[in-house]
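Data block below; observations after.
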Amino acid sequence: MRWWPRSLAGQLTLLIGLALFTAQAINFALLLRERRQYALAQIAGPAATRFIDAIERPQRLEPGRGRVRLVADNPIPSGRPRELGVEASLRGALADAGVGVRRIATGLRPIRPGNPLLRRMDRDKAERMLRVADELVIAVERPGGGWLVQRMPWVRGDPGLVWRLAGQTAVLFVVVLLPVLWAVRRIARPLRDLTRAAEDFSPGNGGAAVAVRGPDDVARLIAAFNALRLRVTAMLDEKDRMLGAIGHDLRTPLAALRVRIESVEDEADRARMADTIAEMNRTLDDILSLARLGRPSEALIEVDVAALVDAVVEDFRDLGAPVEFVEAERLPLRLRPSLIRRAVRNLIENAVKYGREATVSVAAGAKIVAIRVADRGPGIPEERLGDVFEAFTRLETSRNRETGGIGLGLALARAIVREAKGDVTLANRPEGGLVATITLPR
């Protein structure tokens with residue numbers, strides 16, 4: 001529903017406005033109904049009295065003269081607008097009086113200047129009747145024959161009533177909606193501040209406390225959020241201190257082992273031990289990086305994405321890895337370069353390990369920058385493309401670290417990029433191989 005407002009203030013104001021409009025519409029309908037019933041009573045009552053008198057005292061009738069006239073045939077032509085309500089009310093009044101009649105007919109026609117009805121009114125009333133009334137002709141067929149006829153003014157409607165009701169509705173809307181709008185805005189403003197603070201809250205940026213204001217319930221909600229923010233921040237700080245201690249405690253014995261293996265005489269055993277210790281250090285770095293993500297110590301700076309990716313590719317070339325970079329124009333972005341470099345490096349490592357070689361390119365769109373790492377490997381089954389981003393997930397089940405790693409590279413890369421408001425996706429290439437794409441907002 002596009003017309004439905006999304007804000008609390010707009011929804012409450014619209015609902016109250018619709019309720020007031022509905023109430024006024026019902027009130028208007030009831031008022032019109034009462035006015036019509038009153039008009040019917042004003043017409044049917046006097047008309048019935050005169051008809052009863054004429055029927056019971058026919059000797060007082062003079063053909064062609066008086067308020068009630070006697071004519072031989074029905075004086076109302078067919079096709080003239082009728083007032084069925086007057087007919088029903090008049091029949092009921094005559095029946096209550098015990099007077100039987102055969103047929104009752106009504107007809108409306110415009111009042112013209114010089115109409116005898118206007119002679120019995122003062123000038124102002126007569127002019128008003130010319131504007132808003134018609135002449136109502138009422139004919140009653142007597143049981144013994146002949147028709148009794150009366151002519152009375154019939155007001156078509158009161159145009160001033162509509163304007164009066166519209167004015168009353170406008171005043172009601174102003175009197176009710178303005179205080180409601182003020183009260184709703186008083187509630188909605190602190191709720192907007194709270195929503196903005198909740199959206200901006202992140203592990204690395206606790207933000208300032210939200211001002212406690214508004215009605216009691218809203219103020220208590222804001223105070224509870226401020227307390228929760230402090231507790232979460234304290235827990236994250238404690239987690240960082242714990243991870244730092246764990247990292248220190250684990251690196252110390254690893255360093256001692258690295259020193260002790262120098263005394264191993266067998267060169268092959270010494271090399272394997274050194275590789276194992278190096279792999280343990282890399283695993284520890286990945287685990288700590290993944291756990292600390294969201295509270296980076298590195299500041300946002302403007303860097304050239306193309307140059308950053310080229311530097312990562314150059315590092316792989318120096319190690320003799322088959323990695324190619326497609327030259328791209330300068331693309332400045334505000335990001336944390338060390339983290340993005342880590343994410344790109346993880347994708348290239350996977351491409352080289354599983355796809356034999358990697359081709360890296362950078363493309364700029366209107367709103368995003370895409371970093372693509374393509375390989376020529378076997379690809380990944382379509383149903384497993386989302387699974388490989390889970391931590392410690394490996395498609396290669398031999399548990400050999402030379403062929404399968406520990407399953408943290410893609411998880412860490414996606415976590416880094418999502419912290420930068422971007423994303424990482426995988427897709428199989430039609431010509432074979434896999435392409436990993438990092439998208440970053442410009």
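The values are calculated or read from the model by the stated rules, or taken from the named source; none is laboratory data. These figures come from a predicted structure and were not determined experimentally. Quick reminder, even Gly has a Cβ in these numbers, built from the backbone with ideal geometry, and neighbours come from all protein chains shown. Protein only, heavy atoms only, side chains kept; ligands, DNA and RNA dropped before computing areas. Shrake-Rupley method; radii C 1.70, N 1.55, O 1.52, S 1.80 Å.
Between a residue in the range 347-370 that is on the phi > 0 side of the Ramachandran plot and any residue that is open to solvent by less than 60 Å² (accessible area, probe 1.4 Å), which pairs come within a Cβ distance under 8 Å, given they are 6 or more apart or on different chains?
Arg356/Asp375; Arg356/Gly377
List pairs: first in the range 318-333 and touching a residue at least 12 places away in the same chain (Cβ under 8 Å), second among the aliphatic types (A, V, I, L, M) and open to solvent by 50 Å² or more (accessible area, probe 1.4 Å), Cβ under 8 Å, 6+ apart or cross-chain?
Ala328/Ala364; Glu329/Ala364; Arg330/Ala307; Leu331/Ala364
Search the range 162-189 for residues that are free of Cβ contacts under 8 Å to residues at least 24 places away in the same chain and pair each with any residue that is loosely packed, with under 14 Cβ neighbours inside 10 Å when their beta-carbon atoms are under 9 Å apart and the residues are at least 6 apart or on different chains.
Filtered contacts from the range 162-189: Arg164/Asp158; Ala183/Pro215.
Does the range 352-362 hold any residues that are more than 18 Å from Glu314 (Cβ to Cβ) and touching a Leu at 6+ places or on another chain (Cβ under 9 Å), and which are they? If you could, list the steps in order and put the result at the bottom.
Of all residues in the range 352-362, those more than 18 Å from Glu314 (Cβ to Cβ) come to 353-356.
Across the range 352-362, the qualifying residues are Tyr354, Gly355.
A quick yes/no check of all residues on (1) open to solvent by 60 Å² or more (accessible area, probe 1.4 Å); (2) out of contact with any Cys (no Cβ under 9 Å at 6 or more places or on another chain); (3) in contact (Cβ under 8 Å) with a residue 60 or more places away in the chain; (4) among the aliphatic types (A, V, I, L, M):
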{"site": "Arg229", "(1), (2), (3), (4)": "no, yes, no, no"}
{"site": "Met235", "(1), (2), (3), (4)": "yes, yes, no, yes"}
{"site": "Ile246", "(1), (2), (3), (4)": "yes, yes, no, yes"}
{"site": "Ala255", "(1), (2), (3), (4)": "no, yes, no, yes"}
{"site": "Arg260", "(1), (2), (3), (4)": "yes, yes, no, no"}
{"site": "Val264", "(1), (2), (3), (4)": "no, yes, no, yes"}
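I'd like the full set of residues that are of a type outside the set (Gly, Ala, Ser), assigned to a strand (DSSP E or B) and surrounded by 18 or more Cβ atoms within 10 Å (Cβ to Cβ), limited to the range 330-371.
Leu333, Leu335, Thr359, Val360, Val362, Val369, Ile371 - these are the residues of the range 330-371 that are of a type outside the set (Gly, Ala, Ser), assigned to a strand (DSSP E or B) and surrounded by 18 or more Cβ atoms within 10 Å (Cβ to Cβ).
Check whether at least one residue in the range 27-44 is open to solvent by 30 Å² or more (accessible area, probe 1.4 Å), small (Gly, Ala, Ser), in contact (Cβ under 8 Å) with a residue 60 or more places away in the chain and not in a loop (DSSP other than H, G, I, E, B), and report yes or no.
Yes, the conditions are met somewhere in the range 27-44.
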